[in-house]
Structure formats: C-alpha cells, structure tokens
1. So which residues in region 155-198 are over 18 Å from the mean Cα position of the chain (by Cα) and charged (D, E, K, R)?
2. Tell me which residues, restricted to region 64-96, are crowded, with 16+ Cβ neighbours inside 10 Å and under 18 Å from residue 155 (Cβ atoms).
3. I need the helices (runs of 4 or more DSSP H) fully contained in region 1-111, keeping only those with at least 2 residues that are β-branched (Val, Ile, Thr) and either touching a residue at least 24 places away in the same chain (Cβ under 8 Å) or within 23 Å of residue 190 (Cβ to Cβ) (or both).
Amino acid sequence: MLSADFLNLGRDIEMVNNSEADWFHLDIMDGRFVPNISYGMSIISQMKKAAKKTFDVHLMIVEPEKYFEEFKKAGADILTVHYEASTHLHRSIQAIKALGMKAGVSLNPHTPVSVLEDVIADIDLVLIMSVNPGFGGQKFIQQALQKITKVKAMINAAGSNTLIEVDGGVTLENAPALVAAGCDALVAGNTVFSAPDPVEMIKKLKQVGK
C-alpha cells in the first residue's frame, strides 16, 4: 500500500478488496532503520475498518519488539520483523505468535539466508527484500532469485510450511522467475498502482505460475 494514493486511500483499499489480491502489504518505516518514514498504528487501524483481507505488516523499524502489541491492536494479522533489527530474534518470533499473529522475518539484500537456519521451522513467512528497503519503485536486484532458491531448500529440509514472500521491483516480467524459484507471495506496489487498470494487473500477477 506504500504506492497507493493516500488522498484517496479508501478508494484504493476498496480496489484491493475487489481484486484477486490475497493480502494488504503495509510497509512501516521509522526514518532510522531505513531512510524514509511512512505511517503507523493510527493509519493502520483506520485502514482496517475498510479492508476485508489479511493485513501483512512489514516492520522496517529499530526495536520492533516494543510495538508488537500495538500493531496487533491496530489490525496486523502477519507481523514481519527484520533480522538486522532484531537482537533477540527467537524471542521476537515467539512474542508475535503469543499475540495471535503469524510471524515473519525479512532479510535485506546483503544478508545471507543462512542466518535463518535456526529459526526457519518457527516462522510462518520469510520476506526476501529484492531492493534496498525504504522507497518504492526501485529496480529489482537479481541476486534475490538465488536467495529464494536457497530459502526454499532450507524450508524443505526442515519440513516446514514457511511461505516465501518477495518485495521490491516485482513486475509481470520477473514474476515467472520468482515463482519458479519458489516464491509464494509477490509484493507488487508500484507495478499495481501505476497500472492503467490495477485490478487487471493483480489478476495477471495471480495467474503467473498457474
């Protein structure tokens, strides 16, 4: 939703409600972990009143563990923290689950997937950043494809049901390769909201790999 028109946010939420999209992906930025500031709990809680689908909340903030309960109250269904921002990652994962949310872990482009080996069976989602986090509309980093393949192998080896999500520079052109590598969920902000017909673009993305 970072690429939505915030002057017409209700309209764009309704568009997603009426599309084939499965989730609302909400990027939370604090200006410290990433060089940008987006929105917080008050906006999410207002969006939740109109939204009819899962809230997939991606925390790009320092000390995320301070705010888990507040994001739960605001309406988060899935809460993803960054490995790079979590000093006690296992504790954070357990705390998120204890609040009744699904727990995700995100990796920046420079972070190897091997850091997830000891928690892969505990998390519901791995979010691979295919751009440097902070701004929408960036160019896709090709190395993400190899990371998806490695994470998929790790998940299979652990016998886990963890989903793989990719965020950043996702287009109709690279979506087939992402799905083929093992990606389960595509975050496509600029690609969707800049399209002449966003609902049709979502439909096309959903057909990839079928």
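Taken together, the values in this text are just the output of simple stated rules run on the coordinates, not laboratory data. Computed from a predicted model, the values in this text were never measured in an experiment. Reconstructed Cβ throughout: ideal geometry from the backbone, glycine too, with neighbour counts over all protein chains shown.
1. Result: 173, 197.
2. 78, 80, 83, 89, 93
3. Result: 9-17, 41-50, 89-98.
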